[in-house]
1. Could you give the nm distance between label points at residue 84 and residue 197, where each point is 7 Å from its Cα heading toward the beta carbon?
2. Between residue 183 and residue 228, what is the label-to-label distance in nm when each label sits 7 Å out along the Cα-to-Cβ direction?
3. Grab the other residues whose beta carbon is less than 15 angstrom from that of residue 142, score K and R as +1, D and E as -1, and report the net.
4. From Cα coordinates alone, what are the radius of gyration and Dmax values for segment 245-288 in angstrom?
5. Working with all protein chains in place, sort 246, 150 by solvent-accessible area computed with a 1.4 Å probe, largest first.
6. Tally Lys and Arg at +1 and Asp and Glu at -1 over the other residues with C-beta under 12 Å from the C-beta of residue 203: what net charge comes out?
7. Nearest 0.05, what FRET efficiency do residue 160 and residue 31 give at R0 = 51 Å with Cβ-Cβ as r?
8. How about segment 150-216: which chymotrypsin sites (Phe, Trp or Tyr not before Pro) there are in a DSSP loop, with at most 14 other Cβ atoms within 10 Å of their Cβ?
Amino acid sequence: MKRNLIILFSVILILGGSYLIWKKVTNSQVTYEETEVEKGDISLLILSTGTVQPENRLEIKPPVPGRVEQVLIKEGEKVRKGEILAWMSSNERAALIDAARSQGKKELKRWEQLFRPTPIIAPIDGTIILRNVEEGQSFSTTEAILVMSDRLTVKAQVDETDMAFIKLNQNAEIILDAYSSSKVPAIVDQIAFEAKTISNVTTYVVDVLPKDTPDFMRAGMTANVTFFVETKSNVILVPSEYIKMDSEFPSVLVRGSDGNILDKKIKIGISDGKRTEVVKGLTVGEIVLLEKKKTAKTSDSPFSMRPKKKEKNDKKKP
């Protein structure tokens with residue numbers, strides 16, 4: 001029994017030692033990626049999505065129920081305030097005109113001169129975005145026969161964490177999903193005072209007004225909006241991933257004149273996500289380093305049951 005315990009203990013020691021030796025040769029090796037500090041231009045941008053909507057949407061409803069006799073405009077046309085959009089007849093006039101028409105052209109012309117149709121007038125300057133009637137169609141006073149808008153805007157959803165960067169009359173850019181190759185210059189026209197919470201995310205609606213509304217823009221289109229917060233030229237830049245933020249002050253790894261690697265504190269400015277401005281602490285031409293770790297296995301586990309490959313030089317035993 002005593003002899004068996006001694007043998008077991010010896011086997012455990014051998015296996016444990018083998019494992020420690022194998023573990024030692026599989027330690028992580030540290031390597032560094034280098035880049036040179038340079039100068040360039042950088043912009044701080046806020047990205048958002050939104051929907052094209054009329055700033056003021058106006059439904060035109062008839063004053064009395066009746067019938068449309070003539071429509072003078074089409075969807076998409078721009079009209080002026082006071083312009084006649086259509087002619088309509090009340091139910092009484094429509095019945096009277098129909099009766100006169102059955103008696104001949106002379107009687108019809110007489111009653112048309114005595115009983116004039118009612119004009120439908122544009123209440124504001126704007127664009128016809130919906131034509132809901134055709135000539136000869138009857139309607140009630142609750143139906144919108146035409147819909148107008150004075151101008152189109154993009155209602156952008158901006159996260160509350162970005163609201164400090166959004167200002168009135170700030171420059172922006174609109175790209176519609178349907179016309180992704182066209183960039184529409186715009187400005188911030190209005191900022192909502194009340195927030196909306198969707199899926200536990202608090203956002204504010206920001207009205208972005210095109211400086212010149214393109215003909216292809218339509219209400220309901222999905223848009224991507226870029227807000228231009230700040231732009232700087234000829235400043236010192238480093239890739240954002242090279243900056244360490246795990247201490248009280250940001251820092252970067254640099255290679256000293258003697259070849260040693262130093263942890264250098266810096267002061268940073270704006271960032272576009274990929275690159276960051278360095279206000280103080282670095283000069284053009286300095287080399288900054290990014291630490292990368294990799295595991296290099298130089299041997300198989302001592303407990304592996306996989307047989308070792310024979311070397312090509314091995315000679316067969318006679």
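The values are calculated or read from the model by the stated rules, or taken from the named source; none is laboratory data. Keep in mind that this is a model prediction, so the values were computed, not measured. Positions of Cβ are backbone-derived with ideal geometry, glycine not excepted, and every protein chain shown enters the neighbour counts. We work out accessible area using only protein heavy atoms, side chains counted, and drop any ligands, DNA or RNA first. Shrake-Rupley method; radii C 1.70, N 1.55, O 1.52, S 1.80 Å.
1. Distance between the two pseudo-spin positions: 5.6 nm.
2. Roughly 0.8 nm, to one decimal.
3. On the way: positive: 61; negative: 59, 143.
Overall, the nearby charge balance is -1.
4. Taking only Cα atoms of segment 245-288, I get Rg and Dmax of 11.1, 33 Å.
5. On the way: 246 125, 150 55 Å².
Heavy-atom accessible area, descending, gives 246, 150.
6. Values: positive: 155, 196; negative: 159, 160, 162, 194.
Here the charged neighbours net out to -2.
7. Details: r = 41 Å, r/R0 = 0.80.
With R0 = 51 Å, the Cβ-Cβ based efficiency is 0.80.
8. Values: sites: 165, 179, 193, 204, 216; in loops: 193, 216.
Those satisfying the criteria are 193, 216.
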